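J.: Quick one: the structure is below, and I'll ask about it shortly.
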Amino acid sequence: MEQIKQMYLTGERALFHALDKDVQDCTFADGESPLKESRNIKLNNSTFKWKYPLWYSQDIYCIHTTLMETARSGIWYTKNITMKNCFIQAPKTFRRCEGVTLLNVQLPNAEETFWNCKDIKLKDVTACGNYFAMNSENIKISDFTLSGNYSFDGAKNIEVHNAKLLSKDAFWNCENVTVYDSLIICEYLGWNSKNVRFVNCTIDSLQGMCYMDNVELENCKLLNTTLAFEYSTVKADIVSTIDSITNPYEGMIRAEEIKEIIFEEAYVDPAKTKIETREVLA
């Protein structure tokens, strides 16, 4: 593998079609698409300052590498990329990529990041920005913090562990989602999704989990959660009080207490939903 060290690279396609390169302590300055169509590249302690740095690339390993804000739309159509201890300041990173692993990566401007991607692994990642992971699939996440609305819209096959999500309209139009041991503060959580499961989670959601097909909650807390489960098929074991539920379509809801239960019999059949509180069970 040829080493390229401590170079200041300028101009469009500075290392176009690069193959088997070990890039260390380099700066990619002005010039679009510096590593377009590259293969088998290692990047260490390097910086990208301009647009489209890694398009149509394969087998990329980055460590201690930075994408400046001006390196927007930075990684599209790329396969098999791992980034460790990196800082991605640019928005719109990762589009139609496959096989993306991020380890200890910060994305402070993650607007429209991870769209239409497959096979994503995120660990120790912090992101801030709207529309994160739209229409992506096969996602495994642990130790994750996200601040940004409309996250995971249309995504499929998602597994999340130990996350903090501050995200209005998260998990809309999703399929096959499981979230463990996480804090979710989210108005209108999960609408129009199916096969969604929350385990040991704390959820704060105005009108959360409505219009859902098969939503399950196991050992979860619902804080400040009102008008939940409207027109949803639900199986919920809640270890807190629920402020209110409205018009669940079918299933079972168990909680410490439910302050208000709304059934409009013109629209739903109350007999299809079993509701229990632990005061009654005791």
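Read-outs throughout are calculated quantities, based only on the coordinates presented, and are distinct from any laboratory measurement. All of these numbers come straight from a predicted model, not from anything done at the bench. Please note: Cβ atoms are built from the backbone with ideal geometry, for glycine as well, and neighbour counts cover all protein chains shown.
J.: When Tyr231 is evaluated against the numbered criteria (1) within 30 Å of Ser142 (Cα to Cα); (2) of a type in the set (Ser, Thr, Tyr); (3) assigned to a loop (DSSP other than H, G, I, E, B), which criterion, by number, is the only one it fails?
T.: (1)
J.: Which of the strands (runs of 3 or more DSSP E) contained wholly in segment 25-133 include at least 2 residues that are within 16 Å of the chain's Cα centre (by Cα) and surrounded by fewer than 21 Cβ atoms within 10 Å (Cβ to Cβ)?
T.: In segment 25-133, 98-107, 118-128 are the strands (runs of 3 or more DSSP E) which contain 2 or more residues that are within 16 Å of the chain's Cα centre (by Cα) and surrounded by fewer than 21 Cβ atoms within 10 Å (Cβ to Cβ).
Rundown of residues vs (1) part of a strand (DSSP E or B); (2) of a type outside the set (D, E, K, R); (3) surrounded by 19 or more Cβ atoms within 10 Å (Cβ to Cβ), yes/no style:
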| site | (1), (2), (3) |
| --- | --- |
| Phe152 | no, yes, yes |
| Asn157 | yes, yes, no |
| Asn162 | yes, yes, no |
| Leu165 | yes, yes, yes |
| Lys168 | no, no, no |
| Asn173 | no, yes, no |
| Asn192 | no, yes, no |
| Phe198 | yes, yes, yes |
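J.: Scan segment 203-224 and report the pairs whose first residue is among the basic types (Lys, Arg) and whose second residue is part of a strand (DSSP E or B), with Cβ atoms within less than 6 Å and a gap of 6+ or a chain change.
T.: Sorted first by the residue in segment 203-224, then by its partner, the pairs are Lys221/Thr202.
J.: Criterion first (free of Cβ contacts under 8 Å to residues at least 60 places away in the same chain and not in a strand (DSSP E or B)) does Ala236 satisfy it?
T.: No; evaluated as a whole, the condition is false for this residue.
J.: Taking segment 7-24 only, how many residues are in a loop (DSSP other than H, G, I, E, B), touching a strand residue (DSSP E or B) at 6+ places or on another chain (Cβ under 7 Å) and either exposed (fewer than 15 other Cβ atoms within 10 Å of the Cβ) or among the hydroxyl-bearing types (Ser, Thr, Tyr) (or both)?
T.: Residues that pass the stated criteria total 0.
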